[in-house]
Amino acid sequence: MDMKKRVSLELRHRSPTEVQELVLDNCRSGEGKIEGITAEFSNLELLSLINVGLTSVADIPKLDKLKKLELSDNRISGGLEVLAERLVNLTHLNLSGNKFKDISTLEPLKKLPQLKSLDLFNCEVTNLADYRESIFKLLPQLTYLDGYDIDDCEASDSDGEGDGVEDEEEGESEDFEEEEEEEDEEDVVAEDDDEEEDSGDDEDGEVNGDVDSEDDDEDEDEEEEDDEDSSPVKGEKRKRDPDDEDDEDDD
């Protein structure tokens with residue numbers, strides 16, 4: 001996807017002045033230049049252009065509020081003067097994985113008085129003798145170089161470059177995990193309710209079954225008593241009817 005189209009998608013029906021963070025990582029720049037980003041993004045504080053094929057930053061607009069600029073994994077080798085001219089409040093700059101070979105190519109950064117953190121990982125300049133000492137001498141305003149201060153103490157999370165977009169992603173992940181936990185709790189409660197209902201049905205069935213069984217036993221006892229009353233007593237002789245005796249005399 002080209003950079004202009006990506007910028008349009010990232011706007012999400014907002015005006016450029018409403019955008020404070022713009023992440024365009026892994027899109028494609030035309031001819032190695034910045035496209036689609038204008039001075040209309042006047043409130044932009046974070047701009048990320050990681051691995052977009054940049055060879056120049058000459059077309060970056062004036063963004064007075066920009067504090068963090070991610071340019072890692074591109075092919076930039078110089079031309080940093082424009083950053084000092086147009087990003088006067090820049091505090092964090094990541095140039096890791098670019099083509100900087102000499103300390104002199106970084107001299108324009110002296111004109112960024114607010115620059116606090118600079119990353120040059122995987123640039124050839126880091127192979128120079130006394131690289132760290134030379135950079136801290138060149139840029140005395142720096143607090144951290146490649147994530148460590150002049151005494152080799154690691155930068156805290158609040159001073160690192162990832163406290164913008166990464167914190168937002170972590171917050172979304174935590175929210176998602178909380179939602180999953182709530183759903184799991186609801187499922188457990190629902191299962192418990194179902195088990196209680198099933199248990200109640202079983203108990204009702206057992207009680208009803210006992211009552212039905214007792215009713216059946218009573219019915220059987222009554223039927224047996226009726227049968228005994230209707231049948232002649234065993235061993236009792238049948239009484240002769242007087243009419244029957246008269247008939248015999250006539251004979």
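Would you say Gly30 is in contact with a Gly (Cβ under 8 Å, 6 or more places away or on another chain) and within 29 Å of Ile103 (Cα to Cα)? Walk me through it before giving the result.
Working: in contact with a Gly (Cβ under 8 Å, 6 or more places away or on another chain): no; within 29 Å of Ile103 (Cα to Cα): yes.
The answer is no for Gly30.
Can you pull out the residues in the range 16-40 that are of a type in the set (Gly, Ala, Ser) and within 21 Å of Leu87 (Cβ to Cβ)?
Correct list: Ser29, Gly32, Gly36, Ala39.
Are any of the residues in the range 9-23 on the phi > 0 side of the Ramachandran plot and in contact (Cβ under 8 Å) with a residue 24 or more places away in the chain?
no
With open to solvent by less than 80 Å² (accessible area, probe 1.4 Å), at pLDDT 95 or above, in a helix (DSSP H, G or I) and under 22 Å from Asn51 (Cα atoms) as the only criterion, which of Leu118, Leu90, Leu109 stands out? Lay out the reasoning, then the answer.
On the way: Leu118 fails: in a helix (DSSP H, G or I); Leu90 fails: in a helix (DSSP H, G or I).
Exactly one residue qualifies, and that residue is Leu109.
Output the number of the condition that Arg132 fails; it satisfies all remaining conditions of (1) under 27 Å from Lys62 (Cα atoms); (2) in contact with a strand residue (DSSP E or B) (Cβ under 7 Å, 6 or more places away or on another chain); (3) modelled with pLDDT of 65 or more.
For Arg132, the exception is condition (1).
Can you say whether Gly36 is in contact with a helix residue (DSSP H, G or I) (Cβ under 8 Å, 6 or more places away or on another chain) and farther than 20 Å from Asn94 by Cβ, as far as the supplied structure shows? I'd like the intermediate steps shown before the answer.
Numbers: in contact with a helix residue (DSSP H, G or I) (Cβ under 8 Å, 6 or more places away or on another chain): yes; farther than 20 Å from Asn94 by Cβ: yes.
Criteria met by Gly36.
Could you say which residue among Gly30, Gly53, Gly78 is out of contact with any Leu (no Cβ under 6 Å at 6 or more places or on another chain) and at pLDDT below 95?
Just a single option satisfies the conditions, and that option is Gly30.
Sort out which residues of the range 125-134 are in a helix (DSSP H, G or I) and more than 37 Å from the chain's Cα centre (by Cα), and write them in order of number.
Val125, Asn127, Tyr131, Arg132, Glu133, Ser134, listed by residue number.
Mind checking whether some residue in the range 45-54 is crowded, with 16+ Cβ neighbours inside 10 Å, touching a Cys at 6+ places or on another chain (Cβ under 8 Å) and over 20 Å from Leu139 (Cα atoms)?
Among the residues of the range 45-54, at least one is crowded, with 16+ Cβ neighbours inside 10 Å, touching a Cys at 6+ places or on another chain (Cβ under 8 Å) and over 20 Å from Leu139 (Cα atoms), which makes the answer yes.
So which pairs qualify, if the first residue must be in the range 135-146 and part of a loop (DSSP other than H, G, I, E, B), the second must be surrounded by 14 or more Cβ atoms within 10 Å (Cβ to Cβ) and of a type in the set (Asp, Glu), the Cβ gap must be under 8 Å, and the two must be at least 6 apart or on different chains?
As it stands, the answer is Thr143/Asp149; Thr143/Asp159; Asp146/Asp119, since those pairs meet every condition given.
The values are calculated or read from the model by the stated rules, or taken from the named source; none is laboratory data. Please read these numbers as outputs of a predicted model, since none were measured by experiment. Don't worry about glycine lacking a Cβ; one is built from the backbone with ideal geometry, like all the others, and counts go over all protein chains shown. Just the protein is used for accessible areas: all its heavy atoms, side chains included, with ligands, DNA and RNA removed. Shrake-Rupley method; radii C 1.70, N 1.55, O 1.52, S 1.80 Å.
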